[in-house]
Structures are given as C-alpha cells and as structure tokens.
1. What about residue 592, is it of a type in the set (Gly, Ala, Ser) and in a strand (DSSP E or B)?
2. Got a number for residues in region 192-208 being open to solvent by 70 Å² or more (accessible area, probe 1.4 Å) and either in a loop (DSSP other than H, G, I, E, B) or assigned by the TED database to the domain that holds residue 289 (or both)?
3. Among the listed residues 101, 96, which satisfies the condition of being of a type outside the set (S, T, N, Q) and not in a strand (DSSP E or B)?
4. Quick one: count up the residues across region 34-57 that are within 23 Å of residue 164 (Cα to Cα) and not β-branched (Val, Ile, Thr).
5. Here is a list: 211, 272. Which entry is among the hydrophobic types (A, V, I, L, M, F, W, C), modelled with pLDDT of 95 or more, in a loop (DSSP other than H, G, I, E, B) and open to solvent by less than 50 Å² (accessible area, probe 1.4 Å)?
6. Please work out which residue is farthest from residue 875 (Cα to Cα), limiting yourself to region 907-923 and to residues that are within 23 Å of the chain's Cα centre (by Cα) and open to solvent by less than 50 Å² (accessible area, probe 1.4 Å).
7. Considering only region 835-923, give the strands (runs of 3 or more DSSP E) lying wholly within it that have at least 1 residues that are of a type in the set (Val, Ile, Thr) and under 22 Å from residue 354 (Cα atoms).
8. When you scan region 873-906, how many residues do you find that are crowded, with 17+ Cβ neighbours inside 10 Å and among the hydrophobic types (A, V, I, L, M, F, W, C)?
Amino acid sequence: MVQLSPDTRQNGWDNCSGYHSSNPTILGFSHTHLSGTGAIDYGDILVVPMSGKLLSEPGEETKPETGYRSSFSHSSEKAKPGYYRVTLEDDMIEAEMTVTERVGFHRYTFTKEGLSHILIDLKHGLGDRTTESWVKITNDREIVGMRRSKGWAKDQVIFFVAQFSNSFEATGILKDGNVLQDGNESAGLNLKTFASFILPAKSQLLMKVAISAVDIEGARQNLEKELPGWDFDKARRSANTRWEEMLSVISVKGGTDSEKTNFYTALYHSLIAPNIFNDVDGRYRGADLDIHQLPPSRSMYTVFSLWDTFRAAHPLFVLLYPDIATELVRTLLVKYEEGDLLPVWELAGNETGTMIGYHSIPVIVDAYAKGLTNFDVEAAFNAMKASAEANHLGLEFYKKKGYIPIDRENEGVSKTLEYAYDDWCIAKMAENLDKLRDRENYMRRAMNYRQVFDSETKFMRGKKGGRWEPSFDPFAVTSSYTEANAWQYTYFVPHDISGMMEMMGGEKEFIDRLDDLFSAPTDLSGRHQPDITGLIGQYAHGNEPSHNFAYLYNYAGKPWKTQNITRQIMDNLYHTGRDGLPGNEDCGQMSAWYVFSALGFYPVTPGEDIYVLGTPIFDEATIHMQNGNSFTIRAQEASSENRYIQKASLGGTALHQSYLSHSTITAGGTLDLKMGDRPNQNWATDRSQRPVSAMNLDIVANPVFDYKERGFLDTMTVSISTPTPGVAIHYTIDGSKPSVTSPIYKTPIRLNKTTQVQALAVKPEYLPSYIENVTFTQIPYKVSVAYKQQYSPLYTAGGNNGLFDGVRGALNAWGSWQGFHAVDFDIVIDLGKLRNVNQIRTTFLQSYPSWIWLPKSVVFSVSTDGSNFTSLERRNHNVSVKRDGSFTKDFIQSIGGKDIRYVKIYAENVKTCPDWHPGAGGKAWIFVDEVVIE
C-alpha cells in the first residue's frame, strides 16, 4: 500500500513515479507512487522537513530558496529495497525512510540547532488535483487527515495518521496560504499543516505515517499493528528481510556482477505492483468505491496495468509466487462483482479505462491452465463473457464484422488482434469447463485476427468503409494501432502462431518476415509516440506489444535465431544505470521479460502451460518453488559469446524440444544446456521438437471492397475480392442480407443511386465470412474546398471531399475526422454555382485527454463571387475545456434561403494545452467532420 519515496516534480508523463533524475531538487516525500506507468497520478501525503523559517509553498526549481523544495545531490542518495536516504542540502537534513506494508517510517537528522519543522502538504499530488481534504491535530504528537483527488483515478481517497517521536513545540494549519489563528482542524482544497520542534544540533526526529483508503480508524489500526514501536533500524531490517525472502526464490551462480544486479533489480521491479489495498482488519474500498470486508486471510490489491502485465509479469507470479497469483485472480473477480466488468486498468478502486483488450482474462486463464484453481471458476467464466459481450470500445463492430473499422473506433487493428487473443483464452476456459457451445463461439472469434491481415503487403492493416486503408505505411505510427505501427503489431497472434505462419506464406516466408522485423530501418513516421523505444530494426522492446516476437523463431524450427536476438536484447537494452531500462517499467512487465529471459525461457502464450526456450545468462539458476521443489537451469560456459544451445538434457535425458511445460518445472529437476559461440542448426528443428500454437480452424476472410470514394455524383463502381482462395462471394444491393442464394459476384458493381452493398464469402468445409456492408451515397452536386491551412496527413477524414461524403466522424475514431494541429480551421467552399441555402452546420469534436478541443468560436461568411464575403454572427459556446469524455458540438448558421456560391468557415484553435492539462504547453488539435449545407 505504501510506496514512500521522493517527489522531484508534479507533472509530465515521464515523471509518472514522481521522481526524475534530471530534476535538481526534491519537493518532499509522498506515500503513494506508480512504477513506470507512462501516466501520472498518486503522490499523496507529501512530507517536507525543513529548518529555520517555515516555508509553505514549493518555490521555483531554479531558485529552491524561494520555497520548501531543497537541492540535493545524487551522490548522497542510497536506495535499497525497503530503504532510501538522501541529504537535503538547503538545510543539510539527512532524510531516511523505510516501510511496512501500510506505514511509512521517516527519520530526519537535523544538523542545525533550533527551530525545525515538518510540513504536510495535502494540495500536492502528481498530475491530479485535490477535490476534498481535511486535517486535524489530535494531540501534541499526532496529526490525522484525508485527501481526495481527481486525476488518472477519477475519485481517489486516502486517509492518514501521522505520529511523531517528539512533542510539538508549535503546530498550525494553512488554508489557501494563510495560517489559521484558531482551531486544530480545517477542511478545504488547499490545506497544509505543520509541526515545529526545537532540536539540538544533529538531532533525529522520527515520524510514522500510516495510510488507508477506508478511514482514519483503518489507518490507525494499520499503524498499531505493523509499526507499534520507534526502532527505525529494526523496521529497516524487517523490510530488508522481507525483500530478501521474496528475492531469494531464485538463486544464481556465474554471470557478471552487472548481470546479477540487472537480474535481481528486475525481479524486485516485477514485485512492486500490484499493491496491497486492504487494511489490516480486512476492510477496503471497492470498485464501486464503497467500503467492503474481506473474508479472513484474504487480500485485496490495486494497480493492475493488465495490457502490459498479462504478458510476463502475471505469469511470473504464477510460477514463483502462486499464492499471490491466486489472490490476484480473486481480486479481479471481486472487482468484477463490484464494478460489473473485469478490470482493464484499475487504480485505487477506479477503472481508468486506459489501454485496450480485456486482459484480466488471460491472467485468470493462465493461472488456471497452470494448476491454480482455488477460486470460483464458474463465476470467473461468467465474468469473462460479460467483458467479451459488452458493446463498447469497438466490440459492437468486432462481433458483427469480425474486425473493428478504423473509422469507427481508434486503434481498430490493435483492438481486433488483442480481442481475438482474449477470446481464445475464453475458448480455452470453456473447453476446460465442457462448455462446448461457448468454446465454438469464442474459437470462431479468436480467428478474427485474419480479418485485418493484408495478404499483399503481409501486414496487419486497418480497414475503413470495407476496404484497406489507402494511405498505408507500415512505419507510420497512427491511430490504427496502440502505441505502435504495423511492424510492431503484425506478429501478435500468440494463440495461432501456426496459422499466422501459414497466412504469411509458410515457414520460410515467416522467418524472412521476422528477419525483416529485426533488420528494418529504425525510422518511424506518423505521430510522435514516446513509448516506441528500444528499437532493433522495427522491433520495439521498449513497449509491450513486441515482447514475445523474439521467441517466435522456435515455432518455425530456428531456435538459434531466438537465442541470438534474446541475448542481444538482454546485453544491449538492460543495464545498471539510472536509465537501465529500454522503456517504461509498466508495473513490472519490462523487468519480468528480463527475469524470464535471463533464466532461459519465456511464456509466449499466456493461457498455455508451456515456456519457450531462449538463452540463459547464468551458469546456474535455481528456482525454489513454493511447493518445496527446486528447478535448476545449468548453462555450461554461458556468456554473451556462448549464447547458442549446442545440446540439452532434462534430468539426465537428452532434450530435443525447444520448450518446457509448466508442470515439468514445478515438479523440480535440472535442465542442462551446453552452450557455444556458434548456432547448432540441427537442435530442436523438427516439427515434433518445436512448440506449437495452432487453432486448426478454417475460415473465409471477409470480402474486401475497392472503390474511389464513398460519395459520388453520378455513377460509381465497386469491386469485391477476398484473400481466401476458391471462394464464392454473394452480394446484395437491395437492403437484404446476402446468403448462399444471393447473386454471385463476378464483375464490378455499378451504382447510380445511394446504395448499401453487402457481401458474404463462402467456401465448402470452411466457416463463412462475416457480412461486409458499406453504404455509398450519391451527393446532389460537387463541391470543392480550398484550405488556408492543410489538415494533418494523420487525420484526413478521407481527403478533401471527406467533409462532404455523408460519413460522420465517430466519437472514438480520430481517423474519421480532419485534424488541424495548433492551426485554425479556415476553408472556403465552392458550391459550383449560385445555390439557395437555408442552413450550414459544422460538427467539431472535443476529447481533452487526447489534446482535442472545440474551437474557441466559429465564424461563417458567405459570398456570391468568391471575393466579397459577408461575415455572419460569430458562434461562441460555453462548453468547459475540462468537460470529461468525447463529445461533439454542432455549430449552426442560418442563411435564410439566400442564393450563395461560396461559404467560408473559420474556427479558432485554442492552440496550446491549458496549464492544468498533463500536456500543458503542447500543441492542441481541432477535429472537424462533417459540413452539411442545406
């Protein structure tokens, strides 16, 4: 629960932990922090020690003397699991801290004689704002209070009890910067409290801060149970002992000192989240934000970065700490009961809705597949189905079409691929529970990955309007993918790697494509995405979608290529410096990859009970399992040069397979590997020796349309094809659903009126395609548009005619809008001739988390000759820039039946993100679509 550490600044996505080594000052020490999430929050209950004059504001970083922040030097820092020390140089205070699970323990050594202070700042937080707080000084050694905030977690509540080793010389409460003259308690949005002490030189002051998400009584019980005394060094030793127990689950021999540091640091990082969220009495704040009581000996957790951690961090818990893994599964199910859906990205009882997929499901299924069944399995299955059958986040399209169109939902390609994998997990669980109808349904859905594979480019590619995205660039980072481009998602089919190989043309072609991934230029185009780091070719190890790709060679009979690449990643992308990771930690996933890979194996497909072999770092590593067994990996002469497996044996018997089962490891034994500096291209190459991930289900891919534009003036033609050979395509243009009795497509379809074209592809002994349908709209007359500032190539709404094609921009699909980055929307529309116009309507989007705001105002002007314009009334609005969610607003101008030819629309961009926004000072967007002239 407690994550006690220094805060060096309060904002910026790269400061999500509160500490950034580039900052020269420390603000103070807060009690809640996140681990490399890429989004900022927490930083609650900031404690600031100081001597001399009491300062209540943080001051300027370049002038720390203007506030309570203090300069510091990295040379004075010491950090170990459970302990941190630094010298605050402005007042020469040595700050030390250690923890129990729910209590932070501070020890401050004041070198200056005289008046010293402890300030508690309840306004302070990381990227959030206080919505409610109160504080009370209860006696001469205790202060209690509460902070409620809105940030990434929309409603976070934290209570605290702070106790001191010395009696107060003086105390006070500051409200809105002013010291209250009377009273020992107050409430407000800008509260701080202080305690002052008169201390001899080099005196120590101890402070204990217990926290709770429930109430003050919960925090008090946490303190009394976990830290009743004042022996700081004893508490530090206890924290060290607890971490030593957790980290000693693996012992290693050999390797360099740096490799050992990397390994145990990675294991430590893997365990930082999720966090305990219940008090010692079993009470906790639930997903409904109400207070609940746990059964005896149960725990509740928070901070589930599931898009990241389902891949390796949760499987690591299953292998090394199965009791914790079981509690994590139970936590997910309780959160489903309280919040109606399984968590996606849960924080402090809040579902943030961050990232994609429903990746609680592979966490549960992986645990079950590996023998952890001590939870309500039937309830878990029902929870899985509830997530999969929802009608949000593109699922309504996914279920109907088999994929998510990129003009209807952001990140449609990535969501399609990850939903397909999650659906395979549901099918696996259905099979285990003998739910055959559910198994059939979700196996069919698990094949949906094929709907976004373009057989010509050999990439996973977005579709909109039933056709492939025309302006496709595999190097481009676009809204079709989640923090990635086509290179970094094309190989994400962990549940049907055999099918992916066949789809790409066979084993050789698949290997060639993997080689291309790791050798392609590292150039990126499209939008800037800071998460795409750790590039080897286009493989991006600094972000999670790529994490299992290096192990895919094993499935094609080339395990030495996996051994080469994984060693390259470990050697080059992980090191012992402050910047020793290739990307965000993401709550342990980045480090869990290293832990597994350094041991020599990796869970390529969570939900399957196998691990794929790579190349170990150490001469010997032993896993001491919770069941009392031990499994040892011995890699003779392992080194960076000797990265290739020459031969292997398991328990003294030759091993020719490039994978191990989970049960083999948990049963205990020894895996012996003979390593060398040259690939053994004969080991584990036969099909019987490779890991297998195969669905063996034949489906017909959806029909794909080809046409110029969806809006047309007189006539147009539509062509239809499908990448599946030997199929018949049936179609309709009369509004009826196509079936096998509908006409068979043979030649392009010619349209001369607004028409919905629907198509179905079938093949004997194959599952049929989904029905693809697109409406083509006949427009009454042609218009042309002149742009003063061109729209972004990332957000075109279909090009110059996209504002008039009858296809409205979708609330959650940025690619269906025209986007203007830090420039105004300023266009002139030519109607071709004088036309009688009654009204003009233009629609704009606001979604402030994505830096998109409504224009400040909109001005419509009209003209008959294109030179002399009459400006009409300026259209303003009173919509707050802080309004949550994605929504649209129409700006409507009445013309009154006048004859005009030219329409000018000017919308003023807010230009930069406001000061309160996480992207403060960054360039803001205007999104527009469509323009309707009546």
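1. So residue 592 does not fit the description; no.
2. 2
3. None of the others qualify; the one that does is 101.
4. 12
5. Numbers: 211 fails: in a loop (DSSP other than H, G, I, E, B).
The unique qualifying residue is 272.
6. Result: 919.
7. Once the strands (runs of 3 or more DSSP E) in region 835-923 are filtered for at least 1 residues that are of a type in the set (Val, Ile, Thr) and under 22 Å from residue 354 (Cα atoms), what remains is 887-907.
8. So the count comes out to 5.
The values are calculated or read from the model by the stated rules, or taken from the named source; none is laboratory data. A quick note: this is a predicted structure, and the numbers were derived from the prediction, not measured. Don't worry about glycine lacking a Cβ; one is built from the backbone with ideal geometry, like all the others, and counts go over all protein chains shown. Surface areas here come from the heavy atoms of the whole protein model, side chains and all, with no ligands, DNA or RNA. Shrake-Rupley method; radii C 1.70, N 1.55, O 1.52, S 1.80 Å.
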